[in-house]
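Worksheet: one structure, shown below.
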Amino acid sequence: MAAILRQTGAVIAMNVRSIPQRLWMSIATMVAIALVVAVLLGFLALANGFRQTLAGSGSDDVAVVLRKGSNSELNSVMVRDQIRLLGAAPGIALGADGKQIISSELFVIVDGVKRSTGSKANMPLRGLGAPGLTVRRQARIREGRMFSPGTNEIVVGAGLLREFSGFELGKTIRFGTSTWRVVGVFEAPGTVFESELWADAAVVQSLFNRGVSYQTVRVQLTGPDAMPAFLDFVARDPRLQGLEATSESGYYQAQSERSGFLIRFIGWPLGVMMAIGALAGALNTMYSSVSSRSAEIATLRIIGFSGFSAFMGTMAESLVLSALGALLGVAIVAIFFNGMSASTLGAGFTQVAFRVELGPQILLQAVIVALLIGFIGGVFPGWRAARQKPLAALSA
Amino acid sequence: MTDLDLVARNLWRKPLRTILLIISILVAFLIFTILIGFNFAYERSLDESSRANRLVVNNKINFTESLPYAYFNRIARAPGVTDATHASWFGAFYQDQRTSRFVGFAVDPESYLRVYAEQILMPEEQKQAFIRERTGVIVGRDLAEKYGWRIGDTIPISSNIFSQRDGSRAWDMKVVGIFSGARPSDSTTALYFQYAYYNETITFGRDQIGSVSLLTTGPEANDATARAIDAQFANSSAETATVDEKTFSRSFLQQAGDINFIITLVVSAAFAAILMIVGNTMVTAIRERTNEIGVLKTIGFSSPRVLRMVLGESVLLSLIGAGAGVVLGGLALKALESQAPFGALDLEPVVVAMAFAIAVLLGLLTGLIPAVSALRMSIIEALSRR
């Protein structure tokens, strides 16, 4: 047993050290595998970043109330009476002023211009009152200041500013006939709120002809454990039959689950196709490695090395090449794409800005694909190396 | 034996290597054909679904904001406008909104059927029934097939935006027509019903319309017409943004992401990988034959002839792989057709021509280094190298 291990170790070392002799072919295989890894990982990281942003947006102790069946904030409408009734629900936290923290909000869509394509895109403009900031503890003003209640002032999310033009600090914007001034930039890292514009709810109501209606309500509860009782209250109270409550984290979680399109229909099929192409390249490289070393392998066999060690030598060489390729592919994505800003249309029918994000799970998936290429690329040539007849090889 | 025979035999001297190379090339062209083919079909569908002289008027704030109904008549009378209609998004679904949402608009039947005549094809008596029947609805053929709806059926259509005054969220509508699209392969999964019925039953947003579509006297009149309309409503409670239909559809689709950019990046990566693999293998393959080339030269093959043979081999290899890739890609596009949001996914001749040109270029490029070294080699050198 120990002898087999020693033999195998020696052959592996020989194989790996001989890679430079076939430098260009080995590099070609490595680069091909690296590109497979980069393309696959690029798509996975794009989808991962989007999902992480949605998943990171909701709090466990905030409830979102919408009109039943509306499914998104844009389609929802609520009147003040319904909102007043919500105040009777259990578990609502009190603010510093002793009032319940219930944030009635408006959600309208305005046009922005996407920097990357120069085309119009849907931007969410959220009308908020003072409690709106209390229910979003992640958010803080980075530049400028908060809008003053009752004025045509607006603050812009840092993610939105990154991806879309027209909302720079100090700028005056027109939505229809109303004129607004951008007075601040806020950040709420890793959440969808960073892709929003915020203004005073009462001003949005009057300038967008919304009368006294609201679209959504967010309620700060005393803690995550108060959630079931609150949801139960909204579901059972006969006067609230037109409404529907969910936890905020659940609301965004559900949206993130609907975002798998990119990976399922583009990322993986493309990755698999490219992997097949790279596999053909890897097999070619390993076959030519075996044939260029046929005399060497034959000599080893004659002096008593096993076929198994010849097989393992080839296999190890192939795996080393694919591991180096995987490393290069990961490096390409990590250096050029990780953290890159991107945006797409989210479930709320507005743009969500997010960052391309690598994660341990998707790294593992991409590396497994690369090693699989290396493994299959090593099995068949390795088999040929192990089976080749020593004397025939030497006399050739 | 002609030179071509020699090239073909050289190609098959190591069948396994050649087959593996062909697979690599095939994959690159398969990816090329699917992605570029998809992109062409997308561009074509933009062209076909829009008429050059059809403009769309939306609220300037965003297309999800509505316009007052009164605007419709004023727009219809604007200079350069020959016909106009309006449509309001309904957020339609059938029974379960998670699985059965579809495009649904409340429209003015008579003018809508005129302005979008080429997209809504159905018998004249069904058109008349749609104009007559207040609760009538026309549904796309694909949608009707999916739910088994027939003419005369009354179906409950719900909205994720509106509710009726009696509190119910489903509208009973009578199927009076089933339409097909401009091309037999166009997907028809939309429904249209009467604005009058919609407007008198909704609880909010009455006398508002989503957008106005209009026809101009001709594409050259588009800009002036759009400017005139937008100027007419400047500083009113709802300002308008008027653009041609293609521009509107494109900016809507681009909201999903920069499709062209992603396709370019992926196709380049695929070709870069294949170029590396095939190029290096060709170099090795020719180097193995250095002795042979020496023999060929000794028996009187001129250097340019040897060069042509080596290049011929790499171009042939590239063309075989590319041909197979394009054929497979064409089949894959056909298979994906039912999933695509827009019409037929045919393999356009221009895509095939592009693939052919790239294949020849790839062949020349991968054959270049070994061919030049074969050309430069002196007979003595070639024969003595082992």
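Summary table below
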{"read-out": "Any hit, the range B:281-304, residues being within 14 Å of chain A (Cβ to nearest Cβ), within 29 Å of A:Ala342 (Cα to Cα), buried (at least 21 other Cβ atoms within 10 Å of the Cβ) and in contact with a helix residue (DSSP H, G or I) (Cβ under 8 Å, 6 or more places away or on another chain)", "value": "no"}
{"read-out": "Candidates A:Leu125, A:Leu133, A:Leu106 - the one that is closer than 30 Å to A:Ser165 by Cα, free of Cβ contacts under 8 Å to residues at least 24 places away in the same chain and not in a loop (DSSP other than H, G, I, E, B)", "value": "A:Leu133"}
{"read-out": "Residue match in the range A:171-179 (condition: buried (at least 23 other Cβ atoms within 10 Å of the Cβ), more than 31 Å from the chain's Cα centre (by Cα) and assigned to a strand (DSSP E or B))", "value": "yes"}
{"read-out": "Conditions (1) of a type in the set (Gly, Ala, Ser); (2) more than 14 Å from chain B (Cβ to nearest Cβ); (3) surrounded by 15 or more Cβ atoms within 10 Å (Cβ to Cβ); number of the one not met by A:Gly87", "value": "(3)"}
{"read-out": "From the options B:Ala231, B:Ala170, B:Ala238, residue that is surrounded by fewer than 16 Cβ atoms within 10 Å (Cβ to Cβ) and within 14 Å of chain A (Cβ to nearest Cβ)", "value": "B:Ala170"}
{"read-out": "Cross-chain or 6+ apart pairs with Cβ under 9 Å, the range B:364-379 first and under 13 Å from B:Asn291 (Cα atoms), then outside any helix (DSSP H, G or I)", "value": "B:Ala374/B:Arg289; B:Met377/B:Arg385"}
{"read-out": "For B:Asn62: the one exception among (1) without any contact (Cβ under 8 Å) to a residue 40 or more places away in the chain; (2) of a type outside the set (Phe, Trp, Tyr); (3) surrounded by fewer than 19 Cβ atoms within 10 Å (Cβ to Cβ)", "value": "(3)"}
{"read-out": "Some residue of the range B:62-83 being touching a Gly at 6+ places or on another chain (Cβ under 7 Å) and within 12 Å of chain A (Cβ to nearest Cβ)", "value": "yes"}
{"read-out": "Unmet requirement for A:Gly223, which otherwise passes all of (1) away from chain B (no Cβ under 13 Å); (2) in contact with an Asp or Glu (Cβ under 9 Å, 6 or more places away or on another chain); (3) crowded, with 19+ Cβ neighbours inside 10 Å; (4) touching a residue at least 60 places away in the same chain (Cβ under 8 Å)", "value": "(3)"}
{"read-out": "Set A:Ala298, A:Ala245, A:Ala310, A:Ala278: member being part of a helix (DSSP H, G or I) and under 33 Å from the mean Cα position of the chain (by Cα)", "value": "A:Ala278"}
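A quick yes/no check of all residues on (1) over 30 Å from B:Ile286 (Cα atoms); (2) surrounded by fewer than 19 Cβ atoms within 10 Å (Cβ to Cβ):
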residue: B:Thr2; (1), (2): no, yes
residue: B:Leu6; (1), (2): no, yes
residue: B:Lys14; (1), (2): no, yes
residue: B:Ile22; (1), (2): no, no
residue: B:Leu35; (1), (2): yes, no
residue: B:Arg101; (1), (2): yes, yes
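Matching residues to (1) more than 11 Å from every other protein chain (Cβ to nearest Cβ); (2) part of a helix (DSSP H, G or I); (3) at pLDDT 90 or above:
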| residue | (1), (2), (3) |
| --- | --- |
| A:Val212 | yes, no, no |
| A:Arg218 | yes, no, yes |
| A:Pro228 | yes, yes, yes |
| A:Phe233 | yes, yes, yes |
| A:Ile263 | yes, yes, no |
| A:Ile266 | no, yes, no |
| A:Pro269 | no, yes, no |
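The values are calculated or read from the model by the stated rules, or taken from the named source; none is laboratory data. Please read these numbers as outputs of a predicted model, since none were measured by experiment. Cβ coordinates were reconstructed from backbone atoms using ideal geometry, including for glycine residues, and neighbour counts include every protein chain displayed.
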